[in-house]
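A.B. asks: Just passing along the structure, written as structure tokens.
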Amino acid sequence: MVKLKGDSIYLRALEPNDLEFIYIMENDQSIWEVSNTQTPYSRFLIRQYLENAHQDIYEAKQLRLAICQDEDFPALGLIDLFDFDPKNNRAGVGILIQDVANRNLKIGSEALSLLIAYSFKHLNLHQLYANISIENEASKALFTKFGFECIGVKKDWNLINGVYQDEAIYQLINQQF
């Protein structure tokens with residue numbers, strides 16, 4: 001896969017040596033509400049996932065990329081295309097930066113910008129969407145910065161710590177490429 005390079009970060013395909021990073025990310029209970037995860041993942045399952053990460057987006061219906069700054073491969077976060085629908089030319093987008101200190105360094109902005117350009121130019125997608133908790137101001141600001149618009153709110157969509165919370169859906173129509 002072509003490395004998607006920006007000014008200060010690049011996106012790359014997952015590598016076998018990402019096992020520990022993904023293991024830590026997937027098992028961080030503080031972010032389970034964002035990823036709709038409810039159970040821990042074993043290293044065995046993540047290793048199997050990485051062994052199949054070579055699948056084409058048309059086959060796997062998803063694409064997960066590592067967000068990196070240096071050429072020595074350490075990942076800072078992950079950015080995903082999910083629910084890839086080639087018939088209707090759309091996909092969902094998810095992004096997560098591991099270290100809270102890195103979340104304010106515009107890493108997410110640059111990663112999202114690269115993914116949008118890749119999705120529209122190379123995959124010829126017509127639209128991208130993101131599901132964002134109405135409580136998540138940082139994600140709402142990030143996605144609206146790139147032209148995503150809130151097109152609806154799913155009431156009482158997610159049960160988090162015993163309380164139902166609304167989730168908004170943001171959409172970006174490809175009008176640039």
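A.B. asks: In segment 114-126, which residues are open to solvent by less than 50 Å² (accessible area, probe 1.4 Å) and not in a loop (DSSP other than H, G, I, E, B)? Break it down stepwise before answering.
C.D. replies: Step one: of segment 114-126, the residues open to solvent by less than 50 Å² (accessible area, probe 1.4 Å) are 114-120, 123, 125.
Selection gives LEU114, LEU115, ILE116, ALA117, TYR118, SER119, PHE120.
A.B. asks: Determine whether GLU71 is farther than 28 Å from GLN175 by Cα and open to solvent by 20 Å² or more (accessible area, probe 1.4 Å).
C.D. replies: Criteria met by GLU71.
A.B. asks: Among the residues of segment 20-48, which ones are modelled with pLDDT under 85, open to solvent by 70 Å² or more (accessible area, probe 1.4 Å) and not aliphatic (A, V, I, L, M)?
C.D. replies: GLN29, SER30, GLU33, ASN36, GLN38, THR39, PRO40, TYR41
A.B. asks: While we're here: Mind checking which pairs have a first residue in segment 14-27 that is in contact (Cβ under 8 Å) with a residue 24 or more places away in the chain and a second that is of a type in the set (Ser, Thr, Tyr), Cβ under 9 Å, 6 or more apart or different chains?
C.D. replies: LEU14/TYR49; ILE22/TYR41; ILE22/TYR49; MET25/SER35
A.B. asks: Just to confirm my filter: which strands (runs of 3 or more DSSP E) fall fully inside segment 127-177 and include at least 3 residues that are under 18 Å from the mean Cα position of the chain (by Cα)?
C.D. replies: Result: 127-133, 163-173.
A.B. asks: I'd like to know if segment 146-156 contains one or more residues that are in contact (Cβ under 8 Å) with a residue 24 or more places away in the chain, open to solvent by 40 Å² or more (accessible area, probe 1.4 Å) and within 15 Å of VAL93 (Cα to Cα). It would help to see each step written out before you state the result.
C.D. replies: Taking segment 146-156 first, the residues in contact (Cβ under 8 Å) with a residue 24 or more places away in the chain are 146-148.
Next, from what is left, pick out any that are open to solvent by 40 Å² or more (accessible area, probe 1.4 Å): 146.
Right, trim to within 15 Å of VAL93 (Cα to Cα) and you get 146.
Checked against the condition, which is being in contact (Cβ under 8 Å) with a residue 24 or more places away in the chain, open to solvent by 40 Å² or more (accessible area, probe 1.4 Å) and within 15 Å of VAL93 (Cα to Cα), segment 146-156 yields at least one hit.
The values are calculated or read from the model by the stated rules, or taken from the named source; none is laboratory data. All values reported here derive from a predicted model rather than from experimental measurement. Methodologically, a virtual Cβ is constructed for each residue, glycine included, from the backbone with ideal geometry; neighbour enumeration extends over all protein chains shown. For the accessible areas, the whole protein counts, side chains as well, though only heavy atoms, and no ligand, DNA or RNA atoms are used. Shrake-Rupley method; radii C 1.70, N 1.55, O 1.52, S 1.80 Å.
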